[in-house]
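Student: Could you have a look at this structure, given as structure tokens, before my questions?
Coordinate-derived values only; no laboratory data. The shown structure was predicted, so the numbers you read here are calculated from the model rather than taken from an experiment. For neighbour counting, all protein chains shown are included, and Cβ atoms are generated from backbone atoms with ideal geometry for every residue, glycine included.
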Amino acid sequence: MGRTRPAASVRPLVPLWLAVWLAAIAGVLMSVSFPSLAIWPLALVAVALLIVCLDGRRLWPALLVTGVYGLVFYSMLVGWVARYLGPVPWVALAVVEGVLTAVALLPIALAYRWVPRAWPRSRPILLPAVVAALWTVQELFIGNWPYGGFPWARLGMTQAEGPFAPVASWVGVSGLSFLMVFAIAMIVEAVRARAWRRPLALVAPVVTALVLLFLPVFPTAHAGTMRIAAVQGNGPTGYFDAREQYSVIDAQMAATEPLEGKKADLVVWPEGGVDYDPFQDASTARRLNRVVSWLDAPLLANTATERGKDIFNTSFLWTDEGTAAQLHDKRHPVPFGEYVPNREFFNALAPDLIGLLQREYTPGTNPPLVKVGDVGVGLAICFDVIYDEVIREGVQRGAQVLVFQTNNADFRGTDENLQQLAFARMRAIETGRSVVNISTVGTSQIMRPDGSTLATLDADEAGALLEDVELRSGLTAGVLLGPCIQLALVIGGPVALVAAGVIARRRR
């Protein structure tokens, strides 16, 4: 008797022409699940559409499907890049990230071909687990390569306003992405197998969905309060804004001055809120001294600083001693924004754009933390908010509150600030810490540890927030287990795929 071939999906569920259209729709839906629209359920629909389109698909047709999805998704998500710099950087970023996404999602198509052949009886659970792991590996790949990566588009981050956000406090953002895809892929398998005829087959997807919906925020301990003043100066901080000497710091001072005489433990200014290096410019130092005296509190400010031949994007805690002993330099300067990798090559391609970028910022190595008395304040400068290791290090070193300083002036009127604000909200939930997210031009907010908004400053308005901000101690499971979960997925997903490929080939 001949060997019985295992049941497997060898034919696509939908024809290629329809799959291409559905992939484009999935890209649109995934984009609008992020702010400003933030319709979070559409992220689930987008994942379901894409994996249905990849089920049974061969390599090159699958690449067409994932390519359409990636290009549509990123071209919509990062459209704010073109606000001042024009279409070239926007198209370049969308194409690079879209192509990388297309290639990184291809293993999911292989999983749908190999896993059912290798382990046919485990398909309802094992296949969704492998698919979810490979999706998360794709996010981690995009978030780390090239030039340090761009982890701006992680599925878990769509849940800042959704019901699944508390899960990040248990498993981290990557763990949340995995569980979301796992649940969706199991539901797709249940529908394909008409699982409603066998109620026991619905147990796993139902339990996963209930965990996602009803898991509470991981508890951290109340550790008092800190009275924080966060100031949005609305000064000329954009790359192409017309500036006069000291116009940025003067705008910050004008927005801070109404707080004079009020009690505060810490004053926070945004990224780029100081025009010149106060360690080298005496007039800037005198202005900072005045601000410290107004509220009798240290000032956490930010500017470009020079040390030797290196330039850093630096946050510093200015005290009544007239200087700052505690510094933190931005860990991930933005490629093509704060430095130019492979400058000669890219200058030959776009000399006018590359010529605008004269400074070359150096990545920082000092801890993302300052101490205000006995209170640890964790830091992330602008886009550093999207890098897990920066946030994790600050909390693990004792941060009881998080401060994110940013300058969104080059993206006024776009979704960039709202997307970044949503990421800050997810960090509050993930770490169990209050977050002060302060921008030069808004929107700025102070958030509670559960992600809810304590106070806000609208965009394009000068103003200041003065609030008693809750401090928290203790580490969430998301902070502790997040790296372990990422490592397990990075290893487990590809290993399971390769093993399935070997076994499936032997069973042909």
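Student: Quick check on the stretch 51-132: take the gyration tensor over C-alpha atoms, sort the square-rooted eigenvalues as a ≥ b ≥ c, and tell me if it's rounded (a/c under 1.5), prolate or oblate.
Tutor: Prolate, because a/c is 1.5 or more and a/b exceeds b/c.
Student: Starting from the Cα of ASP450, step 7 Å toward the Cβ, then list every residue of the stretch 135-167 with an amide N under 19 Å from that point.
Tutor: Within reach of a label on ASP450: 159-167.
Student: If r is the Cβ-Cβ distance from VAL203 to VAL495 and R0 is 30 Å, what FRET efficiency results, to the nearest 0.05?
Tutor: 0.65
Student: Ordered by packing density, taken as the mean number of other Cβ atoms within 10 Å over each peptide's residues, highest first, how do 92-98, 340-346 rank?
Tutor: In decreasing order of mean packing, 92-98, 340-346 become 92-98, 340-346.
Student: Determine, for TRP80, TRP145, the number of other Cβ atoms within 10 Å of each Cβ, and report the residues in order from fewest to most.
Tutor: So the ranking, lowest neighbour count to highest, is TRP145, TRP80.
Student: Go ahead and estimate [θ] at 222 nm for the chain from helices alone: -39,500 (n - 2.57) per DSSP H run with n ≥ 4, summed, over the residue count, rounded to 500.
Tutor: -15000 deg cm²/dmol
Student: Could you give the dipole magnitude of the chain about its Cα centre, charging the beta-carbon of Lys and Arg +1 and that of Asp and Glu -1, in debye to the nearest 20?
Tutor: So the dipole magnitude of the chain works out to roughly 3840 debye.
Student: Test of understanding: what is the full-extension gain from VAL211 to GLU244, defined as 0.36 nm times their sequence separation minus their Cα-Cα distance?
Tutor: Full extension of this stretch gives 6.4 nm more.
Student: Would you calculate the separation in nanometres between label points at ASP320 and ASN144, each defined as 7 Å from the Cα along the Cα-to-beta-carbon direction?
Tutor: 4.7 nm
Student: Could you pull out every whole DSSP H run in the chain that spans at least 27 Å of Cα extent along its own axis and averages 1.0 or higher on the Kyte-Doolittle scale?
Tutor: For the chain, where a helix must reach 27 Å along its axis and average at least 1.0, the hits are 87-118, 123-142, 168-192, 477-506.
Student: Please compute the net charge surrounding GLU260, taking Lys and Arg as +1 and Asp and Glu as -1 over other residues with Cβ under 12 Å from its Cβ.
Tutor: Around GLU260, the surrounding residues sum to +1.
Student: In addition: FRET efficiency for LEU18 and HIS222, Cβ-Cβ distance as r, R0 = 41 Å, nearest 0.05?
Tutor: 0.15
Student: Given the stretch 314-467, what percent of its DSSP beta bridges are antiparallel, to the nearest 5?
Tutor: In the stretch 314-467, approximately 55 percent of DSSP beta bridges are antiparallel ones.
Student: Could you work out the relative contact order of the chain? I mean the mean sequence separation of Cα pairs under 8 Å and 6+ apart, divided by the number of residues, in percent.
Tutor: Relative CO of the chain lands at 17 percent.
Student: So, one more: Full extension from GLU257 to GLN358: what is 0.36 nm times the residue separation minus their Cα-Cα distance, to one decimal in nm?
Tutor: 33.0 nm
Student: Please state the shape class of the chain: rounded when a/c is under 1.5, otherwise prolate if a/b exceeds b/c and oblate if not, all from the C-alpha gyration tensor.
Tutor: It is prolate, given that a/c is not under 1.5 and a/b is the larger ratio.
Student: Okay, next question. By counting other Cβ atoms within 10 Å of each Cβ, how are HIS332, HIS222 ranked from fewest to most?
Tutor: Result, fewest neighbours first: HIS222, HIS332.
Student: Sorted by average packing, counted as other Cβ atoms within 10 angstrom per residue and highest first, what order do 59-66, 15-22 take?
Tutor: Packing order, densest peptide first, comes out as 59-66, 15-22.
Student: Let me ask something else. Using +1 at the C-beta of Lys and Arg and -1 at the C-beta of Asp and Glu, which of PRO41, PRO363, LEU110 has the Cα lying farthest in the positive direction of the dipole of the chain?
Tutor: Going by the charge dipole, the pick is LEU110.
Student: Taking θ as phi - 60°, what are the ³J(HN,Hα) couplings along the stretch 404-410 by the Karplus curve (6.51, -1.76, 1.60), each to the nearest whole Hz, with x for Gly and Pro?
Tutor: Per-residue couplings from phi come out as 10, 9, 8, 10, 9, 4, 6 Hz.
Student: Just from the alpha-carbon atoms, what are the Rg and Dmax of the stretch 221-474 in angstroms?
Tutor: 17.2, 56
Student: Count charges around CYS382 for me, please; just the other residues with Cβ under 12 Å from its Cβ, Lys/Arg as +1, Asp/Glu as -1.
Tutor: Surrounding charge for CYS382 is -3.
Student: What does the net charge come to around ALA168 if you take all other residues with beta carbon closer than 10 Å to its beta carbon, with K and R at +1 and D and E at -1?
Tutor: Result for the local shell: 0.
Student: While we're on this one: Kindly rank 406-418, 303-315 from highest to lowest mean number of other beta carbons found within 10 Å of each residue.
Tutor: Packing order, densest peptide first, comes out as 406-418, 303-315.
Student: Along the charge dipole of the chain, which of TRP170, ILE485, VAL20 sits closest to the positive end, that is, farthest toward it, with unit charges on the beta carbon of Lys, Arg, Asp and Glu (+1, +1, -1, -1)?
Tutor: VAL20
Student: Still on this structure: Would you mind computing, in nm to one decimal, how far apart the modelled labels at ASP458 and VAL45 are, each placed 7 Å from Cα along Cα→Cβ?
Tutor: For the pair ASP458/VAL45, the computed spacing is 3.1 nm.
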